[in-house]
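The values are calculated or read from the model by the stated rules, or taken from the named source; none is laboratory data. This is a predicted model, so every value here is computed, not measured. Note: ideal-geometry Cβ built from the backbone for every residue, glycine included; neighbour counts use all protein chains shown. Remember, those area values only see protein heavy atoms, side chains included, never the ligands or the DNA or RNA. Shrake-Rupley method; radii C 1.70, N 1.55, O 1.52, S 1.80 Å.
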Amino acid sequence: MTSRSWSAVQQGATIILVSFLLLPVAALALTLSWSDLVAGARHPLLLPALRLSLATSTCSLTLVVVLGSLVAWWVARHRGRLSRLVESVTQLPAVIPPAVAGVGLLLAFGRRGLLGSFLARHGLSLAFSTPAVVLAETFVSAPFFIQAAIAAFRRVDENLLTVARTLGASPFRSFLRVALPLSAPGLVGGAAMSWARSLGEFGATLLFAGNLTGRTQTLPLAVYTAMESDLRAAQALALIMVVVAFAMLLVLRRMAREAGDA
Amino acid sequence: MALPCAILAATQLTVFAASSLRDAFQELAQRFETEHAGAAVSFNFAGSQELRTQIEHGARADVLASADERHMRALVDADLAVAPRTFARNEPVIVVPAGNPAAIHALLDLPRAQRIVVGAPDVPIGAYTLRILEAASSRYGPGFRAEVEARIASRELNVRQVLAKVRLGEADAAIVYRTDALAALEAVETISIPADLNVVAEYPIAVLRGGSHPQLARAFIDLVLSPAGRALLGRHGFR
């Protein structure tokens, strides 16, 4: 292939794929009139779902970032069968279909589940509650952050940590003051992916947490529920969700850039 | 190699049916396939509201069997379905997990449940549930409906998902059709709703305009309406 036709092939592929990826998102916006959008914004399902989605995805992101950073740091600093095993296990939810995750969560934490039956005897019932939404989101989104964090931590120069230690910093302090700032761009990027996955979570939530306005009905579930009666309302909700997700992504991108510059 | 080719060669009759029809219709399809050599029935079971939305958005199907008149009427009005006929009746009941942990013995006891699961308002069973709760409120007092609604843990998108929550023991009570309760006898107990507070669910069936096998579709509907079809539906608890 000549270099000219090779670059033409690349350009062609780019045009086809980019327009394919862009078209559905554009269609959401372009086929909706302003009055439909206003009606959608006033839809009774929107506000409770938006509030719930933001609250639960923030909760699950916090869990994932705090616990995930510690796990990722341990995995990144250890070479051996055990750390490879831990790494594989943390990646498992990424390859499990969300619906399967939902069934698994129900069988683990449901009233008659492996752990759930024990919890239920002590008066704690997780399934079909807001905490169930957080658990479902944490389960599906953790791999995205952990993988990015492991990669970022592995790039931290061992010598810098040694220097910090010889200057008297404790392992915890050198993690906090050296490793975290150095890995910040990767961590923020991973957190953004993880958060986006949480916000979009649908299958596991529907099966494990159910569908109740204000308590377990997140934005994707609200879109699905609205779709059953009124496509326009579903579309308006979907568009609002895209806007929210995009705005959050921009904020996180900016944070990652600033972290990189610092 | 031969098997996939045979499947492709067979005439596919696509039937969209309400979730509550799953067991009965699968049995009917077996019968239909033995009576019509070369025809294969493929099903899409979902909440009737979802089937309607799919048809409105161009899903190609030959037959629709809905669990309420409302969604069928909307499709007839849009000229997507033709000449619906009522082929079965069903009755909402309360189901509780085997052992009845919340000790519910009548509709009036429903507020004793910690967790109740119902259908979403657009799902036929959810719409029927709302009507039942309204009727019950006018008898048991206006607080009844509010007390029940305070205990609703989920509004599911089809009746079999409602039933599944009781089967799993996740819900202490749910409102489903009598036929669903019969399909899960080993896992649930059934409590009837007083007839004067209950509703009768009527199931219409119709040929769809967008289908590619109208004659076969009519034959399928004829089987559903035939004495043999009715007897089979009766065995599954339909009336």
Provide the solvent-accessible area of B:His36, counting protein heavy atoms only and rolling a 1.4 Å probe, rounded to the nearest 10 Å². 50 Å²
With point charges of +1 on the Cβ of Lys and Arg and -1 on the Cβ of Asp and Glu, referenced to the Cα centre of region A:32-261, which listed residue (A:Leu237, A:Gly123, A:Ala94) lies farthest in the positive direction of the dipole? A:Gly123
Mind checking the angle between helix B:124-140 and chain B's longest principal axis? C-alpha axes, 0 to 90 degrees, to the nearest 10. 30 degrees
Compute the orientation-averaged projected area for chain B from the convex hull of its Cα atoms and round it to one decimal in nm². 13.8 nm²
Counting only protein chains, not ligands or nucleic acids, how are A:Glu258, B:Glu202 ordered by accessible area (probe 1.4 Å), most first? A:Glu258, B:Glu202
Excluding ligands, DNA and RNA, the carbon-plus-sulfur percentage of the accessible area of region B:92-191 with a 1.4 Å probe reads 53 percent
Kirkwood Rh over alpha-carbon pairs of region A:3-82, then Stokes-Einstein at 25 °C and 0.890 mPa s: what D in µm² s⁻¹, rounded to an integer? 136 µm²/s
Using only the alpha carbons of region A:6-152, determine the length spanned along each of the three principal axes and report them from longest to shortest in whole angstroms. 54, 50, 25
Taking the Cα centre of chain A as the origin, how large is its charge dipole in debye, to the nearest 20, when only Lys and Arg (+1) and Asp and Glu (-1) carry charge on their Cβ atoms? 680 debye
Which of A:Ala13, A:Ala169, A:Ala179 ends up with the largest GNM mean-square fluctuation for chain A, with Cα atoms connected below 10 Å? A:Ala13
GNM result for chain A, Cα springs below 10 Å: residue of A:Pro24, A:Pro98, A:Pro48 fluctuating most strongly: A:Pro24
Region A:153-215 and region A:74-123 have their Cα centres apart by a whole-number Å value of 19 Å
Ratio of the Cα radius of gyration of the protein assembly as shown to 2.2 N^0.38 Å, where N counts its residues: 1.16
Gaussian network model of chain A, springs between alpha carbon atoms under 10 Å - residue of A:His122, A:His78, A:His43 with greatest fluctuation: A:His122
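Which value, in Å to one decimal place, does the Kirkwood hydrodynamic radius take for region B:92-191 when every pair of different Cα atoms is included? Let's see the in-between values first.
Numbers: mean 1/r = 0.0773 Å⁻¹.
12.9 Å is the Kirkwood radius here.
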To the nearest 0.05, the calculated FRET efficiency linking B:Glu134 and B:Ala37 through their beta-carbon distance, R0 being 35 Å, is 0.10
Cα pair count fraction exceeding 23 Å, expressed as % - region A:114-224: 50 percent
Interface buried area B-A, accessible surface with 1.4 Å probe, both sides summed, nearest 100 Å², comes to 1900 Å²
Quick one: order A:Trp73, A:Trp195, A:Trp6 from most to least accessible surface, probe 1.4 Å. A:Trp6, A:Trp73, A:Trp195
Which of B:Thr53, A:Ala259, B:Pro194 sits farthest toward the positive end of the charge dipole of the protein assembly as shown, with +1 on the Cβ of Lys and Arg and -1 on the Cβ of Asp and Glu? A:Ala259
In Å, what Rg and Dmax follow from the Cα atoms of region A:43-117? 16.5, 54
Let me cross-check B:Asp77: its accessible surface, 1.4 Å probe, with only protein heavy atoms counted, in Å² to the nearest 10? 120 Å²
Ratio of Rg to Rh over region B:149-188 (Cα coordinates, Kirkwood Rh, two decimals): 0.94
Output needed: percent of Cα pairs per 5 Å distance bin for chain A, bins running from 0 to the one holding the longest distance. 1, 6, 10, 13, 14, 14, 13, 11, 8, 6, 3, 1, 0, 0, 0
5 Å is the cut-off here: which amide hydrogens, built 1.01 Å from N in the peptide plane, fall below it relative to B:Val176, excluding neighbours closer than 5 in sequence? B:Val93, B:Val95
Once all protein chains are kept in place, B:Val188 shows an accessible area at probe 1.4 Å, nearest 10 Å², of 10 Å²
What does the average come to when, for each residue of peptide B:209-221, you count the partner chain Cβ atoms lying within 10 Å of its Cβ? 0
For region B:94-239, what does the accessible surface come to per residue with a 1.4 Å probe? Please give it in Å². 38 Å²
